[in-house]
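Engineer: Attaching a single structure in C-alpha cells format; questions to follow.
The values are calculated or read from the model by the stated rules, or taken from the named source; none is laboratory data. Keep in mind that what you see is a predicted model, and the values were worked out from it rather than measured. Glycine also receives a Cβ, built like all others from the backbone with ideal geometry; neighbour counts cover every protein chain displayed.
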C-alpha cells in the first residue's frame, strides 16, 4: 500500500502527543523503514518524542537559525505559484490566516519567509504528514507542501454533524474520501432527530466536560509554566504563553462569569418570542473568534460584522435579519461589537439559549460564513448558504460567494425556496468523516488530551489506510 511514501511527519501539541505517538507506532509497522519526525512549538512534548525514539524539531529554536533569505525570490515565487496551482491557496492567503501574525507588515513577511525556508527543508517529497485542523499557517503550509510534493496530508477536525465523528481534510476545502460503511439514509434520519436535542448534549466539543478540582488544574498549569511555557516564551514562540507569575493564568482558571463583559439587550430571548415574529427572516449564527473555521474555510472574508452587513443589504424589503450569538462567546465580546451590529438595518439580536434548530425552521434561509448550521439547515430541508468555502459545500444551495465575487446574487439566492437535498453531497460528507474522538478531555492524570486508547487509534489508522488505498485505486 502506497509504497511511494518515504517519510512520516507529525505536527503535534501537548494535547495531541499521546495520540500522535500511538499513530506513529502503528503507521511505522505499516510503512517499515520510513523516517519518522515530529514538529512542535511546545517544548513540553519534546521529551516524550525523544523517549519514543523519534526526532523532534522544536520550531521556535529552528526558526531563529534561518534568515528567510536562504531561498531566492525566484524560488519563493515558484513555490507560491505551484502551491496555488496544486491547492488553490497561495502563500499570502495562508500567511494571513495566522491569528498570531506579527502586527507589523514587514515582520509578517519575514515570519512567512522563515517558515517557508524551514518547512521547505522538512517536508520532503513523498511525505505522509498529520496534524490537527488547519488552524495555523505552519500546518496549512506544511500540509500543502506535502500534497504538492507527491505526498499526502491528513488534517483531523472534530465533527459537529454527524456528531461523534472526526472530519479528515486533505486541504481546508477538500475532504478525504472513504466510503461510509453504513446506510447514509438511516444516519440522515438519525441526524434530523438529533437536531431537535440541545447542541450541548449531542456535539462532543460543545458538551460541558468534567474537570479536575481547581487546585489540581492550577498545580498542573504551574508546572507547565515553570518548566515549559517559560522556555517557549524565551525561545520566541508566538503561541500564547505567560510568565510564571501572571494574573491572567489565575483568571483563566477561575469561574468565567466573574470576568464576563456586559451582555447586550437581546431582541429575541426565548423560543416563544421567536415564534411571535411575523415578518420573513434570515438567520445568521455567529462564530467563535478567533476560530479556524473562519480563518481556513473563509479566508477571503473574516470579519463577521462585515459579513452581516453584506447579508443585510441583500435582504428583500420587509425581511428581518436574526443574528444569534454563539453560546461559547457569551460575555466574551465587548459590548461595542453588538452596538456595531445594531447599526446594520434589519438586525435583531438573538440570545444564545434560543434553539438554533428552531431558528433554522422558523426562517426562510440560513446564512453562515462556513459553519455547521448551514449543514444542519440542509439536513432539516431548509435553504442554506455559505459565504465561504466549507469542505462540504456541495450539500448547500449556494456557497463560495466571497471567492466567486457573487455577492450581488445574494438577493436572489436568499429568496430561493428550492432545497433539493443533495444525496451525493451527503455521501461525500460521510465519506470524509469517521467514528472517533478528536476533542481533548481531561484524563486520569488530570492532563487535557485527545483519547489515545486502542479503539480510537484503530479508527484513525483504519481511515488513513483506507483513504490511501482509495487514492491508489484511482491512480
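Engineer: Give me a count of the residues in segment 273-287 that are surrounded by 15 or more Cβ atoms within 10 Å (Cβ to Cβ) and part of a loop (DSSP other than H, G, I, E, B). First the steps, then the outcome.
Structural biologist: First pass over segment 273-287, keeping only residues surrounded by 15 or more Cβ atoms within 10 Å (Cβ to Cβ): 273-274, 277, 280-287.
Those still in the list that are part of a loop (DSSP other than H, G, I, E, B) too: 277, 280, 286-287.
So the count comes out to 4.
Engineer: Checking the structure you have, find out if any residue of segment 39-48 is under 28 Å from the mean Cα position of the chain (by Cα), under 27 Å from residue 456 (Cα atoms), in contact (Cβ under 8 Å) with a residue 12 or more places away in the chain and loosely packed, with under 14 Cβ neighbours inside 10 Å.
Structural biologist: As a first pass, look at segment 39-48 and keep what is under 28 Å from the mean Cα position of the chain (by Cα): 39-48.
Restricting the remaining residues to those that are under 27 Å from residue 456 (Cα atoms) gives 39-48.
Those still in the list that are in contact (Cβ under 8 Å) with a residue 12 or more places away in the chain too: 39-46, 48.
From the residues that got through so far, the ones that are loosely packed, with under 14 Cβ neighbours inside 10 Å too are none.
Checking segment 39-48: not a single residue is under 28 Å from the mean Cα position of the chain (by Cα), under 27 Å from residue 456 (Cα atoms), in contact (Cβ under 8 Å) with a residue 12 or more places away in the chain and loosely packed, with under 14 Cβ neighbours inside 10 Å.
Here's the yes/no breakdown for (1) within 19 Å of residue 182 (Cβ to Cβ); (2) surrounded by fewer than 16 Cβ atoms within 10 Å (Cβ to Cβ):
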residue: 419; (1), (2): no, no
residue: 434; (1), (2): yes, no
residue: 444; (1), (2): no, yes
residue: 466; (1), (2): yes, no
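Residue-wise test of (1) in contact with a strand residue (DSSP E or B) (Cβ under 9 Å, 6 or more places away or on another chain); (2) closer than 20 Å to residue 123 by Cβ.
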{"position": "28", "(1), (2)": "yes, yes"}
{"position": "32", "(1), (2)": "no, no"}
{"position": "35", "(1), (2)": "yes, yes"}
{"position": "49", "(1), (2)": "yes, yes"}
{"position": "69", "(1), (2)": "no, yes"}
{"position": "77", "(1), (2)": "no, yes"}
{"position": "82", "(1), (2)": "no, yes"}
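Engineer: Which residues, taken from segment 452-464, are over 18 Å from residue 155 (Cβ atoms) and surrounded by fewer than 17 Cβ atoms within 10 Å (Cβ to Cβ)?
Structural biologist: Let us first name the residues in segment 452-464 that are over 18 Å from residue 155 (Cβ atoms), namely 452-455, 458.
Passing the criteria: 453, 454, 455, 458.
Engineer: Scan segment 71-89 for residues that are outside any helix (DSSP H, G or I), modelled with pLDDT of 95 or more and within 26 Å of residue 171 (Cβ to Cβ) and jot them down. So that I can check it myself, show each step before the final result.
Structural biologist: Step one: filter segment 71-89 for residues outside any helix (DSSP H, G or I), giving 71-72, 88-89.
With modelled with pLDDT of 95 or more added as a condition, the list becomes 71-72.
Correct list: 71 only.
Engineer: For segment 363-419, list the helices (runs of 4 or more DSSP H) that sit wholly inside it and hold at least 2 residues that are at pLDDT below 85, closer than 27 Å to residue 271 by Cβ and more than 24 Å from the chain's Cα centre (by Cα); which are they?
Structural biologist: On the way: elements: 372-379, 401-404, 410-415.
Here the list reads 410-415.
Engineer: Also: So which residues in segment 183-207 are assigned to a loop (DSSP other than H, G, I, E, B) and at pLDDT below 95?
Structural biologist: Let us first name the residues in segment 183-207 that are assigned to a loop (DSSP other than H, G, I, E, B), namely 183, 195-198, 203, 207.
Result: 195, 196, 197, 198, 203, 207.
Engineer: Please list, ordered by first then second residue, the pairs with beta carbon atoms under 8 Å, 6 or more apart or interchain, first in segment 281-299 and over 20 Å from residue 309 (Cα atoms), second modelled with pLDDT of 95 or more and buried (at least 24 other Cβ atoms within 10 Å of the Cβ).
Structural biologist: The qualifying pairs are 296/140.
Engineer: Okay, moving on. Of the residues 311, 323, which single one is part of a helix (DSSP H, G or I), surrounded by 21 or more Cβ atoms within 10 Å (Cβ to Cβ), modelled with pLDDT of 90 or more and touching a helix residue (DSSP H, G or I) at 6+ places or on another chain (Cβ under 9 Å)?
Structural biologist: The conditions single out 311.
Engineer: Could you list, in sequence order, the residues of segment 20-43 that are under 17 Å from residue 4 (Cβ atoms) and outside any strand (DSSP E or B)?
Structural biologist: Selection gives 27, 28, 30, 31, 32, 33, 34.
Engineer: Return yes when residue 363 is under 24 Å from residue 96 (Cβ atoms) and touching a strand residue (DSSP E or B) at 6+ places or on another chain (Cβ under 7 Å) and no when it is not.
Structural biologist: Working: under 24 Å from residue 96 (Cβ atoms): no; touching a strand residue (DSSP E or B) at 6+ places or on another chain (Cβ under 7 Å): yes.
Taking the combined requirement at face value, the residue does not satisfy it.
Engineer: Any chance segment 102-125 includes a residue that's buried (at least 20 other Cβ atoms within 10 Å of the Cβ) and modelled with pLDDT under 95?
Structural biologist: no
Engineer: May I pose another question? Which ones in segment 14-26 are more than 12 Å from residue 461 (Cβ to Cβ) and out of contact with any strand residue (DSSP E or B) (no Cβ under 8 Å at 6 or more places or on another chain)?
Structural biologist: 21
Engineer: Also, I was wondering about something else. With the requirement that a residue be assigned to a loop (DSSP other than H, G, I, E, B) and either exposed (fewer than 14 other Cβ atoms within 10 Å of the Cβ) or touching a strand residue (DSSP E or B) at 6+ places or on another chain (Cβ under 8 Å) (or both), what does segment 51-67 give you?
Structural biologist: Of all residues in segment 51-67, those assigned to a loop (DSSP other than H, G, I, E, B) come to 52-54, 64-67.
53, 54, 64, 65, 67, listed by residue number.
Engineer: Which condition from (1) in contact (Cβ under 8 Å) with a residue 60 or more places away in the chain; (2) outside any strand (DSSP E or B); (3) over 18 Å from residue 141 (Cβ atoms) is the one that residue 8 breaks?
Structural biologist: Among (1) in contact (Cβ under 8 Å) with a residue 60 or more places away in the chain; (2) outside any strand (DSSP E or B); (3) over 18 Å from residue 141 (Cβ atoms), the lone unmet condition for residue 8 is (2).
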